[in-house]
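> Please see the structure below; I have some questions.
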Amino acid sequence: MASSIHDLARHLNISIGTVSRALNGRADVNADTRQRVLAAAKQLNYSPNQSGRSLRQGTTHSIAFMLQPHPGDQQYGEPFFIPFLIGLQGRLAEYGLDLMVVMGEPGQYQQDRLRRVVETRRADAVVLANTRREDDRINYLSKAGFPFATLGRSQSGDDTYPSLDIDFERAGDEAVDRLVARGHRRIAAIRPSLDLNFGYLFLDGYRKALKRHGIEVDPGLIADGFINEAGGYQVTPRVMLSKDRPTAIIFNNDAMALGGCKALAEMGIRPGHDIAVIVIVDTPLCRYFSPALTAFRPSLEPMGRRLAEMLLASLPAFAGPEGPRIIREVWPLELIARDSD
């Protein structure tokens, strides 16, 4: 019976990535290891997965991550994505794959760049982020039959691609619970615009929690804006000018929270003293703001590793003896209580 690449790796007690690189003649594998792998392949009657061989014809051994920077001031490291990418790259590297970041123009949609990646076969698969409620990129990749996974859910496509998302709905619900328990009933919600799906999920949780507590949803306390500091700075005064102004605000983004807190300070309203503030999701920006902002923290590096595993499980070349599987998961966030609420 023919052996698989997994059998070779187990037999030699080395990683699948090293076996793959050795079999493909990669220069980063030393000669002794390559000879061991080739000898074991012959001994164990190794037979390459034919669908995996097809994937690798003209392969780049790369996965493309489509990074769309936010417009505005926050161009100094994308604190959400850097730890996520570290996890993603680390897991892919174990399989001999490189991570290629395809950068879009700040605030602009990525359809043209995505098409170039697919049509020129610059990568073997794609990871999408910043998923929209209706996302043409997902429809395009599904129709093209090009392998992909998403960080975030969407109403586009179907359930035939891997996706990993954060439970924004639950976080919105829990944020309202926390504020109501502290006596707040006028609670504002500020989320990103641009049809980003996580903003809708957050708002669903926020509304459901208010209704569960018998609090009427006031459209005047809900605002959306650009997903950056300037966006939060511009829209926060709108909810504060409400006839019965809020005593608490939940921001759906850290950069928007920083801009919003600056606007509050200019209005003579002190976050953590005159108004409670909670942020979804947490980054180091929240930790070092004054007052430190209560926020919901995702496990970004483990999420990156897990999405890599989910993508690989969907690819015939890496799925193992059980065959390709589509895995879809939603991860909770951990509340980090600080000074702002």
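The values are calculated or read from the model by the stated rules, or taken from the named source; none is laboratory data. Computed from a predicted structure; not experimentally measured. In this analysis, Cβ positions are derived from the backbone assuming ideal geometry, glycine residues included, and neighbour counts consider all displayed protein chains. Areas reflect the complete protein model, heavy atoms only, side chains present, ligands, DNA and RNA absent. Shrake-Rupley method; radii C 1.70, N 1.55, O 1.52, S 1.80 Å.
> Can you find, among Thr294, Gly304, Gly225, the residue farthest towards the positive end of the dipole of segment 210-314? Put +1 on the C-beta of Lys and Arg, -1 on that of Asp and Glu.
Thr294
> Right, another one. Work out from phi, with θ = phi - 60° and the Karplus expression 6.51 cos²θ - 1.76 cosθ + 1.60, the ³J(HN,Hα) of each residue of segment 314-328, listed in order in whole Hz, and give x for Gly and Pro.
The phi angles translate into 8, 9, x, 5, 10, 6, x, x, 6, x, x, 9, 9, 10, 10 Hz.
> Right, next: For the chain, with only Lys/Arg (+1) and Asp/Glu (-1) charged at the beta-carbon, what is the dipole magnitude about the Cα centre, in debye rounded to 20? If you can, show how the numbers build up before the last one.
Numbers: 41 positive and 40 negative charges, 118 e Å.
The calculation lands at about 560 debye.
> Using 7 Å Cα-to-Cβ label points, what is the Asp244/Glu334 separation (nm, one decimal)?
3.8
> For the chain, what is the convex hull volume of its Cα atoms per residue in Å³?
Once divided by residue count, the hull of the chain is 142 Å³.
> Which value, in debye to the nearest 20, gives the size of the charge dipole of segment 283-341 about its Cα centre, when Lys and Arg are +1 and Asp and Glu are -1 at the Cβ?
Here the size comes out at about 80 debye.
> How many percent of the accessible area of the chain is carbon or sulfur, using a 1.4 Å probe? Before the final figure, lay out each step's value.
Working: 7320 of 15020 Å².
After summing per-atom areas, the C and S share lands at 49 percent.
> Right, here's the next one. Projected onto the charge dipole of the chain (+1 at Lys/Arg Cβ, -1 at Asp/Glu Cβ, origin at the Cα centre), which of Pro316, Ile138, Thr33 gives the Cα projection farthest towards the positive end?
Highest projection toward the positive end goes to Thr33.
> Find which of Gly90, Gly152, Leu23 sits farthest along the positive direction of the dipole of the chain, computed with +1 on the beta-carbon of Lys and Arg, -1 on that of Asp and Glu, about the Cα centre.
Farthest towards the positive pole: Leu23.
> Now for a separate question. So how much slack lies between Ser193 and Met267, counting 0.36 nm per residue of separation and subtracting their Cα-Cα distance, in nm?
Working: separation 74, 0.36 × 74 = 26.64 nm, distance 2.40 nm.
Fully extending the segment from Ser193 to Met267 adds 24.2 nm.
> Using DSSP, restrict attention to beta bridges with both residues in the chain and report what percent are antiparallel, rounded to the nearest 5. Provide the component values of the computation, followed by the final result.
On the way: 4 of 40 bridges.
About 10 percent, rounded to the nearest 5.
> Give me the base-10 log of I(q)/I(0) for segment 166-325 at each q in 0.11, 0.13 Å⁻¹, Debye formula, one uniform scatterer per Cα, rounded to two decimals.
-0.46, -0.60
> Just reorder His11, His213, His273, His6 by solvent-accessible area, largest first, 1.4 Å probe, all chains present. It would help to have the intermediate numbers written out before the result.
Working: His11 95, His213 65, His273 140, His6 35 Å².
Correct descending sequence by accessible area is His273, His11, His213, His6.
> Mind listing the long-range amide H neighbours of Ala129? Cut-off is under 5 Å, sequence gap 5 or more, other chains count too, H placed in the peptide plane at 1.01 Å from N.
Long-range HN contacts for Ala129: Met66, Leu151.
> Would you mind getting the accessible area per residue of segment 145-214, heavy atoms of the protein chains only, 1.4 Å probe, in Å²? Before the final figure, lay out each step's value.
Working: 2640 Å² over 70 residues.
The answer is 38 Å² per residue.
> Aspartates and glutamates within cross-link reach of Lys262: Cα-Cα under 12 Å, excluding same-chain residues under 8 positions apart?
Candidates past the 8-residue exclusion: Glu229.
> What number, in nm² with one decimal, is the all-direction average of the projected area of the convex hull of the alpha-carbon atoms of segment 154-244?
Working: hull surface 27.8 nm².
Mean projected area of the Cα convex hull: 6.9 nm².
> If you place +1 on the Cβ of every Lys and Arg, -1 on the Cβ of every Asp and Glu, and leave all else neutral, what size is the dipole of segment 146-193 about its Cα centre, to the nearest 20 Debye?
Numbers: 7 positive and 8 negative charges, 97 e Å.
Roughly 460 debye for segment 146-193.
> So, counting K/R as plus one and D/E as minus one, what does the shell of residues with Cβ under 10 Å around Ser242 add up to?
Details: positive: Arg186, Arg238, Lys243, Arg245; negative: Asp218, Asp244.
Taking every other residue near Ser242 into account, the sum is +2.
> Still on this structure: Taking only C-alpha pairs under 8 Å that are 6+ residues apart, what is the relative contact order of the chain in percent?
On the way: 678 pairs, mean separation 61.2, N = 341.
Once normalised by length, the contact order is 18 percent.
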